[in-house]
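Following: one structure in structure tokens, then a few remarks.
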Amino acid sequence: MADASPLPDLSARDTAIAINTYTTVLRRPQVPHDVFATYWRDVHGPLCSRVPGLGWYVQYHLDREQDAHLWPPQPGIAAFPDYVLDGGVEIGFASAGDQSVFNKASSILFSDEQNMFAATVAYVLPDGSRTLVDRIADPSPNGTDGLDRMHVHFAPGGKDAEGFAPFIGRLAETLAADPALLRVRLHLPERYDNADPAPPAPDVAHTVPPERERIAVLDLTFATPLARRTFFQSDTFTATAGNQRQHIGFATAFAVSGMYTYVRDRKLTLAGLRGSRPAQLIERLGAVNQAGADVRHLFEAGRLS
């Protein structure tokens, strides 16, 4: 039997987002995780989705009980100290004008963060993020799709700070060229400035230690954990080890337990319109009437016509 044709690369569909932010989030310790996750998905998510100007809004929920083999450790590369996260967020814009519209209206959003977040840190990507490859058909995941997803955070530490970002870019290209990777998305934000904390949410911490002022994030997806671990034992990956040790001082990987898309291409997804769990119910029951244009108009405009 002939080998199956390679899956098409759909990464071009992300290029409409010219400006991006990647925000790390930590839940309030007094809030149970299930309450936190539900509130973030179904209360905060639809609120954020409706702030004008948004072109892209995705929540990545991170699992604290994660696979010990997410990212192979290298001698001389340490884990970030005291680094625990419950999620990551992408908020992106098609233009600077759209971002300005969002910023002027966003106080209604940021005032809600104190209900569930202990800390949020928004890393700015004025030139956007980069999807190097995307072989996943669904453009707007809403939940756990059975794929093996992870975010790996890097920092130069005391290594070559100037060579850090170019090396991470080359590493991302190496990964994206291998068919084991279904998706590779790279975030190379500007250095975070504690003197200008972001986002401006009251009663939420927005500062980072020195080793996390300059970071890079690789958003990686494999078909299965077996595919991931097999790739990390491959010659392709092990050949990068020496350069990793030269340029990377810190690395910590986080397992993604769910990816939830609320806005894509400046349009509300079903999750953005109704909430993540209601959207899942509508899809599971095949409730086509709930996904119709008339119902969408009712929810968006508050009237039938």
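No lab work stands behind these numbers, since they all come straight from the coordinates. Note that the coordinates shown come from a computational prediction; the quantities given were computed from them, not determined experimentally. Glycine gets a Cβ as well: all are built from the backbone with ideal geometry, and neighbour counts include every protein chain shown.
Assorted remarks:
- Burial order of peptide ranges 281-289, 145-153 (average beta-carbon count within 10 Å, highest first): 145-153, 281-289
- Rounded FRET efficiency, nearest 0.05, which uses the C-beta distance separating ASP196 from ASP160 and R0 of 30 Å: 0.70
- Cα shape, segment 1-89, gyration tensor, a/c 1.5 rule: oblate
- Binned Cα-Cα distance frequencies in segment 257-305 - 10 Å width, integer %: 25, 55, 18, 1
- Solvent-free Debye scattering, log10 I(q)/I(0), computed from the Cα coordinates of the chain at q = 0.11, 0.12, 0.13 Å⁻¹: -0.68, -0.81, -0.96
- Given their separation in residues at 0.36 nm each and the Cα-Cα distance between them, ALA205 and LEU285 gain 24.7 nm when the chain is fully extended.
- Ordering of 41-48, 55-62, 13-20 by packing is 55-62, 41-48, 13-20, highest average first (other Cβ atoms within 10 Å, averaged per residue).
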